[in-house]
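Inspection log for the structure reproduced underneath, given as structure tokens.
The values are calculated or read from the model by the stated rules, or taken from the named source; none is laboratory data. Please read all numbers here as calculations on a predicted model, not as lab measurements. Note that we place each Cβ from the backbone using ideal geometry, even for glycine, and neighbour counts take in every protein chain shown. Only protein heavy atoms, including side chains, enter the accessible area calculation; ligands, DNA and RNA are left aside. Shrake-Rupley method; radii C 1.70, N 1.55, O 1.52, S 1.80 Å.
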Amino acid sequence: KVEAHSHNYYEFYFFVEGDVSMQIGKQTYHVRSGDLMLIPSHTPHRTIVHSTKNPYRRFVFWISKELCEHLSQRSASYTYLIQRVEAHKDYLFHMDPVAFNTLQSKMIRILEEMHAERFGKEEQISLYISDFLLHINRLTYEKMEPKPLSLNTSLYSNLVEYIEQHLDEELSLERLADEFYVSKYHIAHVFKENVGLSIHQYITKK
């Protein structure tokens, strides 16, 4: 049993598995794998465990208000999600499996660097944390404020954006050709010209 509590820092909460709900302020969320919650400082919250049949796993990332202010002076892009949550009081965001796994990988990279004794350790950790936060903000920004595919942008840019949004689905040259009303040979040429990879290699690497 966890009592309601609050912190003087921001908490990014990433839910992996378990049968639990999260109560944040006056709202209660039944969470599922891939959920990200941002809990602002001084906001009461608690975990409600419904069953212990399955393990309860999550990871959390705490960041001080001072560091947030420092990063926001560099760019508002680092604190987009914090500002949105504090304005709208909506704390829950769902990630697709690909995006969530990427965030876990970035978190593990930070932990590995913290426990290593390598040259430039502090600077590397700082870079990894900046990258981690910027990635979270980019994901949530693009989810909350998606851009329609524009006729004014290039075919390559539209293809890359479409692939990013549908990466956890079956993607083929034929499907992309149907979606964009161009020949699959033209798409293949566009990718080879822009990134030096075939469309299949590009999707596999993503």
Spatially close lysines, pair count over the stretch 1-144: Cα under 19 Å, gap of eight or more or interchain
6
Using 0.36 nm times the number of residues separating Val182 and Glu161, minus their current alpha carbon distance, what extension gain do you get?
5.9 nm
Nearest 10 degrees, 0 to 90: what angle lies between the long axis of helix 155-165 and the longest principal axis of the chain (Cα atoms)?
40
Looking only at GluC sites (Glu not before Pro) in DSSP loops with at most 14 other Cβ atoms within 10 Å, what is the longest site-free stretch of the chain?
4-116
If a paramagnetic tag sat 7 Å from the Cα of His94 along the Cα-Cβ line, which residues of the stretch 31-54 would have the backbone N under 14 Å from that point?
31-37
Test of understanding: extend the Cα→C-beta vector of Lys53 to 7 Å, then name every residue of the stretch 3-25 with backbone N under 20 Å from that spot.
16-22
Give me the log10 of I(q) over I(0) for the chain at q = 0.17 Å⁻¹, as the Debye formula computes it from C-alpha points; what are the numbers?
-1.21
Roughly how many Å² is the accessible area per residue of the chain, as a whole number, for a 1.4 Å probe?
62
Hey, what number do you get for the chain at 222 nm if only DSSP H runs of n ≥ 4 count, each worth -39500 (n - 2.57), divided across all residues, to the nearest 500?
-15000 deg cm²/dmol
Quick check: at a probe of 1.4 Å, how many percent of the accessible area of the chain sits on carbon and sulfur atoms?
51
Ordered by number, the chymotrypsin sites (Phe, Trp or Tyr not before Pro) in the stretch 1-100 that occupy a DSSP loop and have at most 15 other Cβ atoms within 10 Å are Tyr56
Which cross-chain or sequence-distant (5 or more) residues have an amide H under 5 Å from the amide H of Tyr29, H modelled 1.01 Å from N in plane?
Met22, Gln23, Ile24
Approximate spin-label separation His42-Ser21, in nm, with each point projected 7 Å along Cα-to-Cβ:
2.8
Rg/Rh over Cα atoms for the stretch 38-79, Kirkwood Rh, comes to 1.15
Please report how far the C-alpha centroid of the stretch 110-148 lies from that of the stretch 162-206, rounded to the nearest whole angstrom.
27
